[in-house]
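S.K.: Please find one structure pasted underneath; my questions will follow.
Values in this text are rule-based calculations from the coordinates and carry no lab data. No experiment lies behind these values; they were computed from the predicted model shown. As a convention, Cβ positions derive from the backbone with ideal geometry for all residues, glycine included, and neighbour counts pool all protein chains shown.
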Amino acid sequence: MKRVIYPGTFDPLTTGHIDLIQRASALFNEVTVAIAASPGKKPAFSLEQRVKLGHEVVASLGFENVTVAGFNGLVIDFAREVGAKAILRGLRAVSDFEYEFQLANMNRRLDPQIESVFLTPSEQYSFISSSLVREIAALGGDISGFVHPIVKDALVNRYQSKPD
């Protein structure tokens with residue numbers, strides 16, 4: 001059974017992420033969306049909130065071979081823990097490649113049995129980033145084309161409830 005993990009902060013999960021999840025689910029027997037705690041990034045949503053949103057989105061889209069889990073620590077350790085044979089990473093632009101290449105080589109050094117697999121998003125999602133979506137949401141802009149409706153509601157609630 002071939003399992004891949006798709007790690008990230010997913011703060012928030014975007015339509016670009018969903019595109020990669022959908023495509024990975026067609027390529028692998030099992031996909032685990034691995035949501036990192038990432039406290040250094042100061043996420044807008046807690047790990048628990050991001051995992052909950054991930055579960056809700058995945059369930060609403062009917063992905064039968066996709067699970068969602070939160071983790072702390074190294075991606076490679078989490079991959080081993082869940083029995084993954086590969087780590088999926090998305091490349092939106094050439095500028096992503098250099099960082100992802102370094103990361104893949106480090107992960108290979110830590111565990112040569114786990115491969116890194118790269119997918120580029122469909123063209124209509126190639127410009128979407130979680131940080132841009134958060135900024136648009138914080139400024140009251142329309143994010144409906146960039147996130148699932150469940151995530152949109154969570155972002156609207158998050159930023160409308162914040163004092164100025």
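S.K.: List, in order, the whole-Hz ³J(HN,Hα) value for each residue of the range 129-138 obtained from phi through the Karplus relation with A = 6.51, B = -1.76, C = 1.60 and θ = phi - 60°; use x for Gly and Pro.
M.R.: Coupling constants for the range 129-138: 9, 4, 5, 5, 4, 4, 5, 4, 4, 5 Hz.
S.K.: State the label only: which of (i) 18.7, 58; (ii) 30.6, 87; (iii) 15.5, 50 corresponds to Rg and Dmax of the Cα atoms in Å computed from the shown model?
M.R.: (iii)
S.K.: Which value, in debye to the nearest 20, describes the size of the charge dipole of the chain about its Cα centre when Lys and Arg Cβ atoms bear +1, Asp and Glu Cβ atoms bear -1, and nothing else is charged?
M.R.: Charge dipole, the chain, about its Cα centre: 240 debye, nearest 20.
S.K.: While we're looking at this one, here's another question. Select from A37, A69, A26 the residue whose mean-square fluctuation is largest in a Gaussian network model of the chain (Cα-Cα springs shorter than 10 Å).
M.R.: Comparing A37, A69, A26 in the GNM, the peak value goes to A26.
S.K.: Farthest toward the dipole's positive end in the range 3-160, which of V4, L20, A36, given Cβ charges of +1 (Lys, Arg) and -1 (Asp, Glu) about the Cα centre?
M.R.: A36
S.K.: Quick one: angle between helix 149-160 and the longest Cα principal axis of the chain, in degrees between 0 and 90, rounded to 10, please.
M.R.: Between the helix axis and the principal axis of the chain, the angle is about 50 degrees.
S.K.: What relative contact order, as a whole-number percentage, does the range 13-140 give when Cα pairs under 8 Å and 6 or more residues apart are counted?
M.R.: This gives 29 percent for the range 13-140.
S.K.: Summing +1 for each Lys or Arg and -1 for each Asp or Glu, what net charge is found among the other residues whose Cβ lies under 15 Å from the Cβ of S131?
M.R.: +3
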